[in-house]
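The values are calculated or read from the model by the stated rules, or taken from the named source; none is laboratory data. Worth saying up front: this structure is predicted, and the values here are computed from it rather than measured. Here Cβ is always computed from backbone atoms with ideal geometry, including for glycine, and neighbour counts include all displayed protein chains. Heavy atoms of the whole protein, side chains included, go into the accessibility calculation; ligands, DNA and RNA do not. Shrake-Rupley method; radii C 1.70, N 1.55, O 1.52, S 1.80 Å.
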Amino acid sequence: MQSALVLNYIHFVSNVQARFTFLLTALRRLLYDLVMPSLTAKKIDGHTYYYARYCQRIGGKPKIVRQVYLGKLDQLIAAAGASQQPAPPLETDVAAFGDVAALFDLAQRLDVVALLDSILPPKRRQGLSAGRYLLLAAINRAVAPTSKLQFADWYRQTALTRLLPVNPGGLSSQHFWNHMDGVRAEHILAFEKQMAQRLVERFQLDLRALIYDGTNFFTYINTRTPSQLPQRGHNKQKRGDLRQVSLGLLVSADFHIPLFHQVYAGNINDSTEFRSLTAELAAHYRELAQTCEHITLIFDKGNNSEAGFKLLQTTPFHFVGSLVPSHHPELLAVPRRRFRTLSHPGLEQVEVYRTQKKVFGTTRTVLVTFNPNLLQGQLQGVAASLRKARRKLRELQTQLQRRREGAVKGGKAPTLDSVRSQIRSLCSGQFVGKILSAEVHPVPRGLELTFHTDPAALHRLTRTQLGKNILFSDNADWSDEQIVLAYRSQYHIEDAFKQMKDPHFLRWTPMWHWTDSKIQVHAFYCVLALLLTSLLQRELARQGETLSINHLLEQLASIRETLLIYPRRQGQHRSPTVNCLTRKNPLQQRLFSLLGLARYAPTAG
């Protein structure tokens with residue numbers, strides 16, 4: 001009985017499985033017939049056309065229920081390729097890359113941020129460290145000088161968001177100066193001493209010749225603003241109507257890399273400041289002397305003073321300087337036949353007369369140099385100054401004549417002293433007073449002005465003074481060529497100052513700060529920017545790519561990174577992105593390779 005029941009149960013289950021299998025197979029066939037088309041080729045008039053056929057079983061037999069024309073084979077291939085093309089990007093985001101990445105790399109190699117943070121007061125609890133703030137400020141000053149109000153906007157448009165990630169909200173002017181308030185002159189000096197050692201150790205910087213000079217930068221600081229650094233003085237950009245700040249800078253002759261700087265009041269002349277800086281320079285030397293035993297300091301005659309040289313004698317520095325030619329007429333009177341022509345490449349036209357003379361209390365080696373190129377340049381300058389002075393004198397002469405003739409009535413008549421004062425002002429150009437003679441004397445109904453050019457004075461000036469410089473040094477064992485070449489290296493610091501007054505890169509102005517402490521910090525990150533860019537220029541020159549700083553930064557700035565943002569597809573949580581660099585010209589590709597910027601290049605998002 002039980003066995004019969006078991007057999008019936010097995011038979012029932014087998015029937016159910018068979019029925020289920022039959023139904024599943026039928027369903028699969030039905031679905032295949034309805035949704036799975038077949039590709040069919042037809043030849044018509046020698047051409048092959050393709051169709052999609054949908055079949056369905058009707059009465060147990062397959063029958064075509066739908067036919068769709070697809071086209072020829074090449075049309076099918078084109079359609080398949082088009083279906084695989086990605087959707088065009090919705091938008092792009094472009095950021096500065098080449099210039100900021102190159103400067104960031106040098107800062108990394110020098111450990112700038114770590115060194116600054118080890119010297120400056122500890123940061124506040126929130127935000128960036130003072131070292132990071134200063135590095136960002138220096139890079140900004142080098143490539144795209146802007147105010148602190150626009151600082152965050154500039155940062156967002158650079159690759160520094162990847163390389164030096166910070167919250168842009170922390171880059172406000174208030175946050176920046178909250179961290180900078182603790183920066184003092186002693187912190188800056190300590191940084192420069194240690195940085196000089198790193199430059200020697202890591203970049204083999206040559207310290208045998210160092211150049212010192214000063215310049216000034218005009219400001220728009222109000223006269224009543226209680227600051228000590230901004231003062232009125234002789235401005236080198238002809239803005240004597242504005243308060244100015246002065247900067248003393250010590251740079252290497254090896255690509256004007258700054259090693260020391262000092263900010264001082266705009267009404268202090270260079271020689272006075274140089275005298276006060278001698279002790280600081282001596283302390284700086286003792287740090288540098290660990291890697292270079294013989295350092296020669298090179299400076300211009302504007303820094304000369306007897307007190308300054310007495311202090312300089314107490315330092316280990318040697319020096320090469322220049323003297324005011326008109327203070328040494330007996331040297332200018334030495335005939336040219338006693339000069340000898342130098343043979344060093346680049347000095348073939350330079351003639352020198354070597355002697356010794358007691359200068360500022362000590363006997364020194366003195367070189368009188370004559371350069372025909374300098375002579376031609378000075379003659380052109382004298383001619384231009386004479387034309388300007390004569391034009392102004394003719395205008396003054398006409399004014400006096402019209403007043404005598406009664407054409408000008410009313411107003412205060414000019415006095416003899418006032419006209420003489422005007423003449424002195426009009427003839428104040430270099431050498432003009434020696435060549436152009438002007439006299440004013442009373443006549444009936446007014447004053448009369450006469451003037452003339454003295455050809456003999458011009459000839460005498462050309463024969464004795466124009467084209468000449470007087471150099472002096474305590475390096476008595478140096479050759480004439482060594483002294484001349486050392487003095488000529490001053491163009492490095494002149495280039496540095498010219499660069500800091502450039503309207504595009506490394507720009508000191510405009511300076512939006514008026515307190516002395518903020519001005520000192522502003523000067524610090526401007527000099528740090530000069531350090532990084534000069535070092536960048538030097539690194540490329542050592543690899544055979546000699547470029548000016550402006551041209552170099554322009555080319556690097558053209559290497560930008562682009563973020564392509566594509567439409568978000570179904571199931572994606574965010575829009576797909578692709579990062580890449582802009583197309584580079586041959587020079588940009590060389591710079592990219594020489595600087596190894598590939599390691600900072602963006603990767604696909």
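The C-beta contact set for the stretch 371-388 (first residue under 23 Å from Gly346 (Cβ atoms), second residue β-branched (Val, Ile, Thr) and open to solvent by less than 40 Å² (accessible area, probe 1.4 Å), distance under 8 angstrom, 6+ apart or interchain) comprises Asn371/Val350. Counting just the residues of the stretch 153-166 that are in a loop (DSSP other than H, G, I, E, B) and either touching a residue at least 24 places away in the same chain (Cβ under 8 Å) or among the small types (Gly, Ala, Ser) (or both), which one comes out most open to solvent (accessible area, probe 1.4 Å)? Per the stated criteria, the residue is Gln157. Looking across the stretch 183-205, just one residue is of a type in the set (Phe, Trp, Tyr) and either on the phi > 0 side of the Ramachandran plot or surrounded by fewer than 21 Cβ atoms within 10 Å (Cβ to Cβ) (or both), and that is Phe203. Which pairs have Cβ atoms under 7 Å, sit 6 or more apart or on different chains, and link a residue in the stretch 395-421 that is touching a residue at least 24 places away in the same chain (Cβ under 8 Å) to one that is assigned to a helix (DSSP H, G or I) and not hydrophobic (A, V, I, L, M, F, W, C)? Close Cβ pairs (under 7 Å, with a partner that is assigned to a helix (DSSP H, G or I) and not hydrophobic (A, V, I, L, M, F, W, C)) amount to Leu396/Gln422; Ala413/Arg403. Here is a check on your reading of the model: is Phe299 at pLDDT 85 or above, surrounded by 14 or more Cβ atoms within 10 Å (Cβ to Cβ) and of a type in the set (Phe, Trp, Tyr)? Spelling it out, Phe299 is indeed at pLDDT 85 or above, surrounded by 14 or more Cβ atoms within 10 Å (Cβ to Cβ) and of a type in the set (Phe, Trp, Tyr). Selection of the stretch 470-520 for residues being closer than 24 Å to Ser534 by Cβ and among the small types (Gly, Ala, Ser) yields Ala486, Ser489, Ala496. Does Arg208 satisfy the condition of being farther than 25 Å from Ile519 by Cβ and either open to solvent by 60 Å² or more (accessible area, probe 1.4 Å) or free of Cβ contacts under 8 Å to residues at least 40 places away in the same chain (or both)? Yes. Taking the stretch 298-339 only, how many residues are polar (S, T, N, Q) and in contact (Cβ under 8 Å) with a residue 60 or more places away in the chain? Residues flagged as polar (S, T, N, Q) and in contact (Cβ under 8 Å) with a residue 60 or more places away in the chain within the stretch 298-339 amount to 3. Screening the stretch 413-482 for helices (runs of 4 or more DSSP H) wholly inside it with 3 or more residues that are aliphatic (A, V, I, L, M) returns the ranges 416-426, 455-464.
Among the residues in the stretch 493-507, are any in a loop (DSSP other than H, G, I, E, B), open to solvent by 10 Å² or more (accessible area, probe 1.4 Å), of a type outside the set (Gly, Ala, Ser) and closer than 30 Å to Pro329 by Cβ? There is no residue in the stretch 493-507 that is in a loop (DSSP other than H, G, I, E, B), open to solvent by 10 Å² or more (accessible area, probe 1.4 Å), of a type outside the set (Gly, Ala, Ser) and closer than 30 Å to Pro329 by Cβ.
In a residue-by-residue description of the stretch 459-479, the property of being open to solvent by less than 50 Å² (accessible area, probe 1.4 Å), within 30 Å of Gln313 (Cβ to Cβ) and without any contact (Cβ under 8 Å) to a residue 40 or more places away in the chain applies to at least one position.
Suppose we filter Gly361, Gly308, Gly377 for residues that are of a type outside the set (A, V, I, L, M) and either open to solvent by 90 Å² or more (accessible area, probe 1.4 Å) or modelled with pLDDT of 90 or more (or both); which single one remains? The conditions single out Gly377.
Do you know which of the residues in the stretch 167-183 that are part of a loop (DSSP other than H, G, I, E, B) and touching a residue at least 60 places away in the same chain (Cβ under 8 Å) is nearest to Val112 (Cα to Cα)? Checked the stretch 167-183; the qualifying residue nearest to Val112 (Cα to Cα) is Val183.
Here Pro88 clears all of (1) surrounded by 13 or more Cβ atoms within 10 Å (Cβ to Cβ); (2) modelled with pLDDT of 70 or more; (3) over 17 Å from Phe524 (Cβ atoms); (4) not aliphatic (A, V, I, L, M) except the condition numbered (1).
Taking (1) under 19 Å from Leu532 (Cβ atoms); (2) open to solvent by less than 60 Å² (accessible area, probe 1.4 Å); (3) of a type outside the set (Gly, Ala, Ser) in turn, Gln108 satisfies each apart from (2). Filtering the stretch 135-168 to residues that are over 17 Å from Ser534 (Cα atoms), touching a Phe, Trp or Tyr at 6+ places or on another chain (Cβ under 7 Å) and of a type in the set (Gly, Ala, Ser) leaves Ser147, Ala159.
For the stretch 257-276, check the following and say yes or no: at least one residue is without any contact (Cβ under 8 Å) to a residue 24 or more places away in the chain and either part of a helix (DSSP H, G or I) or more than 30 Å from Lys518 (Cβ to Cβ) (or both). Yes: one or more hits.
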